Amino acid sequence: MAAEAAVPALPGGGGGPAGAPSGSVPVLFCFSVFARPSAVPHGAGYELLIQKFLSLYGDQLDMHRKFVVQLFAEEWGQYVDLPKGFAVSERCKVRLVPLQVQLTTLGNLTPSSTVFFCCDMQERFRPAIKYFGDIISVGQRLLQGARILGIPVIVTEQYPKGLGSTVQEIDLTGVKLVLPKTKFSMVLPEVEAALAEIPGVRSVVLFGVETHVCIQQTALELVGRGIEVHIVADATSSRSMMDRMFALERLARTGIIVTTSEAVLLQLVADKDHPKFKEVQNLIKASAPESGLLSKV
């Protein structure tokens, strides 16, 4: 094997699976509990090995994670990190290992790196969603805070032709985007494009309905794209309190932050000397409704 670092020779060079193409080298590709024999061209390096792993296991790989390729070394009887400049010259065994570095989610919010997502707060949901009036009130408070602090807001409406527009109590003045959708998640191509236009986005504050469907699916997609998600519990509900409760519990276990509107707004100003503190303080002088949502989180 040609490599800049010394690599022990592997036994059993030559030969390989019946039908291996001429000029190719048999390689056993291992990932998780799987091991699949294949072949690569003689002299294949790191990039070709990665391409082969993708062709064999692409449907099982989380492409938002980082991986390392390792080579089985007979000398050590175990896998070692693939040496720099490695090239396949004889039969070998390699594996793809996901890096599992656990990072603590701090949950810091700053206006310059935050976007608000308002999900499907529509008229036809009014009679069906538990405590809908309360979450409308809190949602409006959040949008007022976003305007005061200059935070972009993205709004979606689920099939508005049949379910109506966003309720009149919520003032959409100045929002960045209002989009109809049929997909449950808010992560539409237009939303991804809008996020890409906002420099330095790190966090999304998410609220609306329903907690266990559109909110949950949006949160999971955003986290999968490396964005930290804060779900506002007092502005989020479902038709069923059981669905809502288990969705919030599941999301919290994945590292998504379940918080409240007052906590979000005060975290965004961070200091009583913030030039907008008085305006934000006026929004929260009256506490958010202590509705039946409180005992169901």
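If you check Glu228 against the conditions, is it open to solvent by 30 Å² or more (accessible area, probe 1.4 Å), assigned by the TED database to the domain that holds Gln158 and over 25 Å from Ala128 (Cβ atoms)?
yes
Just to be sure I understand, how many residues within the range 237-257 are among the aliphatic types (A, V, I, L, M) and surrounded by fewer than 17 Cβ atoms within 10 Å (Cβ to Cβ)?
Residues that pass the stated criteria total 2.
So is Asp234 open to solvent by 60 Å² or more (accessible area, probe 1.4 Å) and touching a helix residue (DSSP H, G or I) at 6+ places or on another chain (Cβ under 8 Å) or not?
no
Does at least one position in the range 96-115 carry a residue that is in contact with a helix residue (DSSP H, G or I) (Cβ under 9 Å, 6 or more places away or on another chain), open to solvent by less than 40 Å² (accessible area, probe 1.4 Å), within 25 Å of Arg253 (Cβ to Cβ) and in a strand (DSSP E or B)?
yes
Search the range 189-214 for residues that are without any contact (Cβ under 8 Å) to a residue 40 or more places away in the chain and more than 21 Å from Arg141 (Cβ to Cβ) and pair each with any residue that is outside any strand (DSSP E or B) and aromatic (Phe, Trp, Tyr) when their beta-carbon atoms are under 8 Å apart and the residues are at least 6 apart or on different chains.
From residues that are without any contact (Cβ under 8 Å) to a residue 40 or more places away in the chain and more than 21 Å from Arg141 (Cβ to Cβ), the pairs are His212/Phe246; Val213/Phe184.
Of all residues being of a type in the set (Val, Ile, Thr) and outside any helix (DSSP H, G or I) in the range 245-267, which is nearest to Ile284 (Cα to Cα)? Just the residue, please.
If we take residues in the range 245-267 being of a type in the set (Val, Ile, Thr) and outside any helix (DSSP H, G or I), then Thr260 is nearest to Ile284 (Cα to Cα).
Can you name the residue in the range 138-179 that is open to solvent by less than 60 Å² (accessible area, probe 1.4 Å) and polar (S, T, N, Q) and is also nearest to the chain's Cα centre (by Cα) among such residues?
Among them, the one singled out is Thr156.
Counting just the residues of the range 148-191 that are of a type in the set (Lys, Arg) and part of a loop (DSSP other than H, G, I, E, B), which one comes out nearest to Ala128 (Cα to Cα)?
The qualifying residue nearest to Ala128 (Cα to Cα) is Lys183.
What tally of residues in the range 47-94 results from selecting those that are within 30 Å of Glu221 (Cβ to Cβ) and out of contact with any Gly (no Cβ under 8 Å at 6 or more places or on another chain)?
So the count comes out to 20.
Filter the range 126-137 for residues that are open to solvent by 60 Å² or more (accessible area, probe 1.4 Å) and aromatic (Phe, Trp, Tyr) and give the result.
Answer for the range 126-137, where residues must be open to solvent by 60 Å² or more (accessible area, probe 1.4 Å) and aromatic (Phe, Trp, Tyr): just Tyr131.
Within the range 180-200, which residues are open to solvent by 50 Å² or more (accessible area, probe 1.4 Å) and polar (S, T, N, Q)?
Once the filter is applied, which keeps residues that are open to solvent by 50 Å² or more (accessible area, probe 1.4 Å) and polar (S, T, N, Q), the range 180-200 yields only Thr182.
Filter the range 73-97 down to residues that are aliphatic (A, V, I, L, M) and touching a His at 6+ places or on another chain (Cβ under 9 Å) and give me whichever is nearest to Ala35 (Cα to Cα).
Val88
The values are calculated or read from the model by the stated rules, or taken from the named source; none is laboratory data. Everything quoted here is computed from the prediction, not taken from an experiment. Note: ideal-geometry Cβ built from the backbone for every residue, glycine included; neighbour counts use all protein chains shown. These area figures cover heavy atoms from the full protein model, side chains too; ligands, DNA and RNA do not enter into them. Shrake-Rupley method; radii C 1.70, N 1.55, O 1.52, S 1.80 Å.
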